[in-house]
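What follows is a short report on a single structure.
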Amino acid sequence: MLARLLRSDGVYLFLRSPAAIVAALVAVLVVGGAFAAPWIATSNPYDLASFSLMDGLLPPVWQGGDPRFLLGTDDQGRDMVSSILYGARLSLTIAIMAMVIATVLGVGLGLAAGYFGGRFDAIVMRIADVQLALPAILTALLIDGISRGVLPASMQDDLRVAVLTLAIALSLWVNFARTARASVFVERNKDYVQAAMIMGQHPLRVMLRHILPNILGPLLVIMTVDLASAILLEATLSFLGIGLPADSPSLGTLIRIGMQFLLSGEWWILWVPTLFLVALVVSINVLGDFLRDVFNPRLR
């Protein structure tokens, strides 16, 4: 179903949608630049020997800055372009890992709840209802707080990325579970699923081979939109100072550092990473809207 939709409508609609084309170009440039940061960045913001305090607070080139630093430097002398590329790399890595965990957990629980129903379905949906009553940021804060109380102080810094990834994943699994469950209710009454059940195929085989491929459309849309949410969650937690530390320049950390210079004239330290984050999130959301239109013709 997924391949058929992309062949029949996806490419045609994409070529006729300037917004989708621009969003795809922005996303490819940002993601490609982020993961190619070790090769294209002029310095490594994690390496203290790669920058100098003497180069601190240099403005962008168009304001008379040093040509070596296209978008200027921060108060530590780190190149803003390099910091943003490495920061986007770290933010995207966390967001993608969180989305993988949320997708596997949510889709697995949703498939099982929709297929088996009964008490298991009721338990999963009640847990989902409780979590939906809380904003995702509060769920992430709760998980982060629990980890600080459970983990030894010596391990907290080493496991910061893992804890942040898990906190974001457990904040976003509900949408996958509810969508998968609703789709299973529709698919399990169709002839091909009933035939597989009558033949005595194992429930896991029925769910993974017969049902899951036919509900990938809406799940792919949720993955795209929630990827943007995961990036914003990481940025928000790091901005609040409870995500990644200051020596790990994720996008949220860079924005938090830039807030200290908001009124001092060094505007680029705040606005450059902020605009970069906005461009990344908006482009992903636009692509999510485009995929929604592809998989649901009634919304075109």
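Take MET197: with every protein chain present and a 1.4 Å probe, its accessible area is about 80 Å². The listed residues LEU53, LEU111, LEU105, once ranked by accessible area (1.4 Å probe) with the largest placed first, stand as LEU53, LEU105, LEU111. Radius of gyration (Cα atoms) of segment 1-115, expressed as a multiple of 2.2 N^0.38 Å: 1.54. Atom-type composition of the exposed protein surface of segment 62-112 places 70 percent of the accessible area on carbon and sulfur (1.4 angstrom probe).
Note on segment 194-300: along the principal axes its Cα atoms extend 72, 34, 14 Å, ordered by decreasing extent.
Between 0 and 90 degrees, rounded to the nearest ten: what's the tilt of helix 160-187 against the longest Cα principal axis of the chain? On a 0 to 90 degree scale, this one is about 30.
Each Cα pair under 8 Å and six or more residues apart adds its sequence gap; the mean of these over the residue count of segment 127-175 is a relative contact order of 58 percent. The label point for THR42 and the one for ILE96, both projected 7 Å from the Cα toward the Cβ, are 2.7 nm apart. Computed over protein heavy atoms with a 1.4 Å probe, the accessible surface of the chain works out to 50 Å² per residue.
Report in % the part of the accessible area of segment 132-281 that belongs to carbon and sulfur, leaving out ligands and nucleic acids; probe 1.4 Å. Percent of accessible area from carbon and sulfur atoms in segment 132-281: 68. Fully extending the segment from ARG119 to ASP75, taken as 0.36 nm per residue of separation minus the present Cα-Cα distance, adds 10.1 nm. The distance separating the Cα centre of segment 89-118 from that of segment 203-276 comes to 16 Å. Please label the shape of segment 125-178 as rounded, prolate or oblate, based on the square roots a ≥ b ≥ c of the eigenvalues of the alpha-carbon gyration tensor (a/c under 1.5 means rounded; beyond that, a/b larger than b/c means prolate, else oblate). Verdict is prolate for segment 125-178. Computed from phi, the 3J(HN,Hα) profile of segment 280-288 under the Karplus parametrisation 6.51, -1.76, 1.60 (θ = phi - 60°) reads 5, 5, 5, 4, 5, 5, 5, 5, x Hz, with x in place of Gly and Pro.
In the chain the Cα-Cα distances spread across 10 Å bins starting at 0 as 6, 23, 28, 23, 13, 5, 2, 0 percent of all pairs.
Calculate how steeply helix 118-132 sits against the longest principal axis of the alpha-carbon atoms of the chain, using the helix alpha-carbon long axis, and give the answer as 0 to 90 degrees to the nearest 10. For 118-132 against the chain, the angle is about 30 degrees. Which one, ALA34, ALA140, ALA195, has the greatest fluctuation when you compute a Gaussian network model over the chain with C-alpha springs under 10 angstrom? Among ALA34, ALA140, ALA195, the largest mean-square fluctuation in the Gaussian network model of the chain belongs to ALA195. Along segment 33-49 the Karplus relation, 6.51 cos²θ - 1.76 cosθ + 1.60 evaluated at θ = phi - 60°, assigns HN-Hα couplings of x, 5, 7, 9, 3, x, 9, 10, 6, 6, 8, 9, x, 7, 9, 4, 7 Hz to successive residues, with x for each Gly and Pro. Rg of the Cα atoms in segment 81-123, relative to 2.2 N^0.38 Å, amounts to 1.86.
The values are calculated or read from the model by the stated rules, or taken from the named source; none is laboratory data. Small disclaimer: the values here were computed from a predicted structure and weren't measured. When we count neighbours, we look across all protein chains shown, and the Cβ atoms used for this are built from the backbone with ideal geometry, even at glycine. Just the protein is used for accessible areas: all its heavy atoms, side chains included, with ligands, DNA and RNA removed. Shrake-Rupley method; radii C 1.70, N 1.55, O 1.52, S 1.80 Å.
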